[in-house]
Amino acid sequence: MEQTLSNKAELIELDKKHFLHPTSSIQAQQKTGAPLVFTEGNGIYLKDMEGDMYIDGMSSLWNVNIGHGRKELAEVAAEQMNKLAFSSTFSGFSHEPAIRLAKKLADLAPGNLNVSFFTSGGSEANDSAIKLVRHYWKVKGFPERKKVITRKRGYHGVSMGSTSATGIPEFHAMTTSLAPDFLYAPTPYIVEGEFTEEDLMKAAQEVRKMIESEGPETIAAFMAEPIQGAGGIIVPPEKYFEEIRNICDEYGVLFIADEVITGFGRTGKMFGLEHWDVVPDVMTIAKGISSGYVPLGAVMINDEIHRELIKYSKGTLFHGFTYSGHPVGCAVALKNIELIEEERLIENAAEMGQELEKGLKYLEEKHWSVGRVRNVGLLGAFELLADRDKNTRFDATQGVAGKVVQECLKRNLIVRSVTYEGTDIIAIAPPLSITKEEIKDIISIFDDAVSAVETTLK
Ligand code: PMP
């Protein structure tokens, strides 16, 4: 369809009237409309209605791992839709795409995580993980093991269970009642003031204290993102997850890894926890599994949990989504994973991650306000600090990170800010197919954007 400006004005008006946007300001939408209406995607680029190209520095929602515009995925989707668009996977029914994908995931996942329950996305995967571990304890005769420990600044989604698992107060404040039996442990991140690696490691001991004070017999699981995404690209200290694994084992608590962002190559390995050689008992995945071409997610459980469920879970498992194992979703995911492997996109993410790191370090050297640079593969961030030696923050009312994001957008780069607890964090997570030249373009835009904001600060 040919796009015209009057067409854009019409769309923006219709958008205001009829479209309530997710995780967006309702009032800002009414004031400014949706200034960017995208029409096409190719590689790391998105094109808007006016024909302007933007670098999708966030892989949209950290999900378009393979990059935009891959015809192979469209073709597989069409083929599957023509053949079998949908059939149920409830009681006694199955189909080949879901079976093949479950097998492929078992091959890819670490340890003995060999069994998948499919969902439409990450929130459903996390809700399902929580319900499944509670079910597991219940049928084994330990119904009091129901509390789930998550972490502050953790993000696990927005359905009722996953909102409750999320440790970002803004997501709780949006509504009134939360689901019961969630506890929030500190995360290895210190907002302000000087700290050491040891100080960060205390966050693991806080999990132990929490288990002990609540009573281990009441704790079903500990749940964490290997690298916290929406909370601000929080990379744990080297020994953190090893310690967490030991603590979980010591108290018989199940460890759920939320690999929704970190899965499928984002960090330069297939799954994020592989960086620390730690294997969870349960793993949730979504986003990169299908690179966002179709909605899909899954919970993976290990063989022991599966065995126990086979032994103790009597009758129907009363948990299942209409779209658990959607044939089109599964067929696209299989092709997406095949392309990620064939094109060595995970290796590329690791290699380009080093380029990204060099670029972020360059920004840190050049700009007085840039500090706390970090990245693992193509999941990176820098922070804007009033005094980076003392790790002090700008006044939140200055909205420094928001200004940098706007300056980037003016220069056709889409990135995201994280401003919880007064932080000014800029996150970057481009598609895994990115090239060295494209990384350079991103760093050059960051450079100009930070310069523009710095002149207003001093
Ligand atoms: N877990 C993590 C770590 C996420 O980043 C997200 C989404 N950003 C979710 C869960 C929720 O996934 P979805 O939006 O697909 O429900």
Of the residues in region 1-50, those that are at pLDDT 95 or above and closer than 17 Å to Leu413 by Cβ number 9
Contact list, first residue from region 245-266 and at pLDDT 95 or above and of a type in the set (Asp, Glu), second anywhere and within 16 Å of the ligand (Cβ to nearest atom) and part of a strand (DSSP E or B), beta-carbon distance below 7 Å, six or more apart or interchain, is Asp258/Met223; Asp258/Ala224; Asp258/Thr284; Glu259/Met283; Glu259/Thr284; Glu259/Ile285
Here, strands (runs of 3 or more DSSP E) confined to region 370-458 with at least 2 residues that are closer than 24 Å to Met53 by Cα are 379-384, 416-418, 425-428
*asked:* Please verify whether Gly325 is in contact with a strand residue (DSSP E or B) (Cβ under 6 Å, 6 or more places away or on another chain), more than 23 Å from Glu194 (Cβ to Cβ) and either crowded, with 21+ Cβ neighbours inside 10 Å or modelled with pLDDT of 95 or more (or both), treating the condition exactly as stated.
replied: yes
For region 187-218, the count of residues that are surrounded by fewer than 18 Cβ atoms within 10 Å (Cβ to Cβ), in a helix (DSSP H, G or I) and touching a strand residue (DSSP E or B) at 6+ places or on another chain (Cβ under 8 Å) equals 3
The number of residues in region 329-359 that are more than 30 Å from Thr89 (Cβ to Cβ), surrounded by fewer than 23 Cβ atoms within 10 Å (Cβ to Cβ) and hydrophobic (A, V, I, L, M, F, W, C) is 1
Picked from region 249-305 (must be within 12 Å of the ligand (Cβ to nearest atom) and assigned to a helix (DSSP H, G or I)), the residue nearest to the chain's Cα centre (by Cα) is Lys287
Of those in region 105-147 that are in a loop (DSSP other than H, G, I, E, B) and within 16 Å of the ligand (Cβ to nearest atom), the residue nearest to the chain's Cα centre (by Cα) is Gly121
Within region 148-179, of all residues that are touching a strand residue (DSSP E or B) at 6+ places or on another chain (Cβ under 6 Å) and of a type in the set (D, E, K, R), the one farthest from the ligand (Cβ to nearest atom) is Lys152
Residue count, region 169-186, condition assigned to a loop (DSSP other than H, G, I, E, B) and touching a helix residue (DSSP H, G or I) at 6+ places or on another chain (Cβ under 6 Å), comes to 3
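The values are calculated or read from the model by the stated rules, or taken from the named source; none is laboratory data. Bear in mind the structure is a predicted one, so any value in this text is a computation, not a measurement. With ideal geometry, Cβ positions are generated from the backbone for all residues, glycine too; neighbour counts draw on all protein chains shown.
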